[in-house]
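Here the structure is laid out as structure tokens; the discussion comes afterwards.
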Amino acid sequence: MKKYLSFFRMRLTAGLQYRAAALAGMSTQFVWGAMEILLYRAFWLEHPERFPMGMEALAAYIWLQQAFLTLFALWNWDFEVLESVKTGSVAYELLRPAGLYSMWMARALAGRLARAALRMVPVLLVSSLIPAPWGLRLQGSPAVFGLFLLSMVLMVLVVCAYSLLIYALTFYVTDPNGLMVLSVAAADLLGGAIVPLPFLPDGLRQAAALSPFGSMQNVPLRIFNGDIPLPEIPAVMGLQIFWILALVTAGYFLTRNGLRRAVILGG
């Protein structure tokens with residue numbers, strides 16, 4: 001465990017060096033968040049009775065989405081890992097006295113946390129200063145906020161486990177671009193990135209909520225804004241734990257089997 005923590009710390013420190021990229025991303029998050037809120041505001045002013053959640057709850061959802069974008073965005077791939085599998089340079093990773101899947105997990109967690117740490121505080125601070133109902137406000141009790149934080153941890157693990165599943169499948173395909181495009185499209189639609197899940201039609205919403213994508217940003221953001229009632233929170237967090245276990249198990253065994261069948265040119 002100590003070697004994985006050391007590797008995690010090194011990757012986290014390296015990721016914190018990209019301050020210019022974080023500044024550019026932060027500016028994008030402010031503009032995009034404001035644009036989304038103005039768009040929803042136009043529809044809400046026209047027909048507020050048709051909205052499945054209040055404008056204040058929706059604004060909180062959007063600002064949190066922008067603040068923590070790098071934590072749950074599936075398009076935030078580690079292309080070095082994908083390229084190492086594609087070219088065969090993953091063989092060098094096998095020389096380390098550590099499991100490949102565990103190293104990938106430490107790398108994925110560190111990369112996402114480093115990117116989020118550089119931009120989330122300014123977005124959260126500024127959005128909390130915007131007047132209601134357009135700013136960021138906690139909709140529930142301190143206990144709900146604690147559940148939100150725990151759900152965020154589970155969400156990051158679900159996202160990383162799903163990303164590692166795509167990395168593992170790279171052993172079995174000639175080019176992973178198709179898998180990557182399809183997984184990002186599915187996550188954006190079914191995970192609440194394009195619109196929050198309550199805005200989807202009933203059948204699609206229920207299917208999305210049960211999918212691994214529904215256990216990503218959908219759960220913690222809706223816990224925070226009060227859209228998931230307190231009695232339902234244990235069930236949705238239990239589903240997050242289920243998907244963590246399922247995705248980690250699938251990714252681990254696919255990685256192990258892929259390494260057995262991999263052919264490294266020249267060796």
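Every helix of 4 or more DSSP H residues in the chain counts as -39500 (n - 2.57), and over all residues that averages to -23500 deg cm²/dmol at 222 nm. Temperature 20 °C, viscosity 1.002 mPa s: under these conditions the Stokes-Einstein estimate for region 47-98, based on its Kirkwood radius over C-alpha pairs, is 145 µm² per second.
For the chain, the fraction of alpha-carbon pairs lying more than 30 Å apart is 32 percent, rounded to a whole number. For region 116-191, the fraction of 1.4 Å probe accessible surface lying on carbon and sulfur atoms is 77 percent.
Within the chain, the whole DSSP H helices whose Cα atoms reach 30 Å or more along their own axis and whose mean Kyte-Doolittle score is at least -1.0 are 19-46, 100-129, 142-169, 233-261. Please report how far the C-alpha centroid of region 102-177 lies from that of region 44-79, rounded to the nearest whole angstrom. After rounding, the separation between the Cα centres reads 13 Å.
What does the extension gain come out to for L230 and A185, with contour length at 0.36 nm per residue minus their alpha carbon separation?
On the way: separation 45, 0.36 × 45 = 16.20 nm, distance 3.02 nm.
Answer, rounded to one decimal: 13.2 nm.
Solvent exposure of the chain amounts to 50 Å² per residue of accessible area, where only protein heavy atoms count and the probe is 1.4 Å.
Round to the nearest 0.05 the FRET efficiency obtained for Y92 and I130 when R0 = 35 Å and r is the Cβ-Cβ distance.
With a Förster radius of 35 Å, E is 0.10.
The values are calculated or read from the model by the stated rules, or taken from the named source; none is laboratory data. Everything numeric in this text was worked out from a predicted model, so none of it was measured. Note that we place each Cβ from the backbone using ideal geometry, even for glycine, and neighbour counts take in every protein chain shown. Ligands, DNA and RNA are excluded from the accessible area calculation, which covers all protein heavy atoms including side chains. Shrake-Rupley method; radii C 1.70, N 1.55, O 1.52, S 1.80 Å.
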